[in-house]
Amino acid sequence: MEKAQCRYCPADAIYTRGHEGASFCSKCFRKAVEERVRRTVTENDMLKFNDHIAVAVSGGKDSLTLLNLLVKMENRFPRSKITAVSVDEGIRGYRDEALDIARKACEKLCVEQFVVSYHDLFGITTDEIAGMHLGQTPCSHCGVFRRKAINRAAQMVGATKIATAHNLDDEVQTVLLNMLHGDPWRIVRSGPVLHDPRGKFLTRIKPLCDIPEKEVVLYAYLNGFDFQSITCPHGNAALRNDIRNFLNQLDQKHPGSKFTLQRTAERLRELLSQTAPVAELNECAKCGDPTPHQLCEACMMLDAIAA
Ligand code: SF4
Ligand code: ZN
Ligand code: ZN
């Protein structure tokens, strides 16, 4: 069978984008991903020339791709700074390996890495929570703690923004999850840039939100990034997995469906943001973090664990 040719040069194509029908060679594909990320950053006004970005780096393909791309972009802005922040959730045989991969990647890129652990911050690890059999998986606790840990780490290093590596698939899955949980306001509080109008939380940006997961994997592979490929031993988020499989099937049959869903979510966000309630924030009675309640979610969880 004759090989397809790259749309942009005479080289053989290695990948075809289903939704565009465009084929790319390795070099042009990498360039296309980099340009798309640059466009996402510019269109959403994600970065300023002097930002200190705390990049959440777990050691997986997404976070290492994000770190490499941001380092490349920020090289043009001498007053900007990048610090990698990594979270040790305390998952033996999994996170330790990932942290090691993240450390080596940071060394290679000459990026400082700052690591915080659940053990030090919260006095408990995800393995220990899993052992308590509080629910189906420890993911609900682990997710809330991770958000808080990344915030803490970013504050500790003096960052002005937090960059996370959510890709297109993550974003669209989250929109459907929120719909299935009956929580439309969460759709408003998600998106490419999470900016707190009250100024209590650092702005979070998602520069990879327009890149499908399979393109992140391919980009990481073509660039020879070493990344962790085993999955978390506790990870069994049944509903998210079902949504992932459903979206992949849908997108295979109807290329571009994920992008369409993302655009629909963007329109819903615009419409709902007019009426979305903006909660008053108090200081958490235990840790002092901003919260609409008396205790923040993490402290509530820690209290429930201790009870
Ligand atoms: Fe934590 Fe669940 Fe992710 Fe494992 S899969 S790291 S337990 S959120
Ligand atoms: Zn090419
Ligand atoms: Zn708290």
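Worth pointing out:
- Solvent-accessible surface (1.4 Å probe) assigned to Met132 amounts to roughly 80 Å².
- Base-10 log of normalised Debye intensity for the range 1-99 (one unit scatterer per alpha-carbon) at q = 0.23, 0.24, 0.25 Å⁻¹: -1.11, -1.16, -1.21
- Average accessible surface area per residue within the range 16-95, 1.4 Å rolling probe, Å²: 44
- Here's how it looks for Asp88: its modeled amide H is under 5 Å from those of Val116, Ser117, Tyr118, which are all 5 or more places away or on a different chain.
- Extreme residue, positive dipole direction of the range 37-276, given options Ile205, Leu250, Ser273 (C-beta unit charges): Ser273
- Hull volume in cubic angstrom per residue (convex hull over the Cα atoms of the range 191-233): 127
- Stretch gain in nm, segment Cys110-Ile230, where the contour uses 0.36 nm per residue and the Cα spacing is subtracted: 40.6 nm
- Sorted largest first, the spans of the alpha carbon positions of the chain along the three principal axes are 66, 43, 40 Å.
- Each Lys and Arg Cβ is given +1 and each Asp and Glu Cβ -1; about its Cα centre, the chain then shows a dipole of about 840 debye.
- With the Kirkwood sum run over all distinct C-alpha pairs, the range 148-307 has a hydrodynamic radius of 18.1 Å.
- Expressed as a whole percent, the accessible area of the range 135-233 that falls on carbon and sulfur atoms is 55 (1.4 Å probe).
- The H on the amide N of His52, modeled in the peptide plane, is under 5 Å from the matching H of Lys81, Thr160, Lys161, each at least 5 residues off or on a different chain.
- Amide H contacts under 5 Å for His19: Gly256, restricted to partners 5 or more places along the chain or on a different chain, H placed in the peptide plane at 1.01 Å from N.
- Label zone at Thr275, where the point sits 7 Å out along the Cα-to-Cβ direction: the range 188-210 residues whose backbone N lies under 16 Å: 188-189
- Inter-part distance where the range 258-307 and the range 71-85 are each reduced to a Cα centre, Å: 29
- Calculated FRET value between Glu97 and Ala306, using beta carbons and R₀ = 30 Å, to 0.05: 0.50
- For the range 1-52 versus the range 104-153, the inter-centroid distance based on Cα atoms is 33 Å.
- Distance histogram for the range 92-224 (every C-alpha pair counted, 10 angstrom bins, percent rounded to whole numbers): 10, 31, 41, 18, 1
- From phi via Karplus (6.51, -1.76, 1.60), per-residue ³J(HN,Hα) for the range 277-282 in Hz, x at Gly/Pro: x, 9, 6, 5, 10, 10
- Spin-label model distance (nm) - Gln136 vs Asp45, 7 Å beyond Cα toward Cβ: 4.0
- Positive dipole terminus of the chain, leading residue within Thr40, Leu109, Ala22 (C-beta point charges): Ala22
- Residue-wise HN-Hα couplings along the range 52-57, as the Karplus relation 6.51 cos²θ - 1.76 cosθ + 1.60 with θ = phi - 60° gives them from phi, are 9, 9, 8, 9, 6, 10 Hz; Gly and Pro carry x.
The values are calculated or read from the model by the stated rules, or taken from the named source; none is laboratory data. Owing to the predicted nature of the structure, the values given are computational and were not obtained by experimental measurement. FYI the Cβ positions are ideal-geometry reconstructions off the backbone, even for glycines, and counts take in every protein chain you see. Each accessible area value is taken on the protein alone, full model and side chains, heavy atoms only, with ligands, DNA and RNA left out. Shrake-Rupley method; radii C 1.70, N 1.55, O 1.52, S 1.80 Å.
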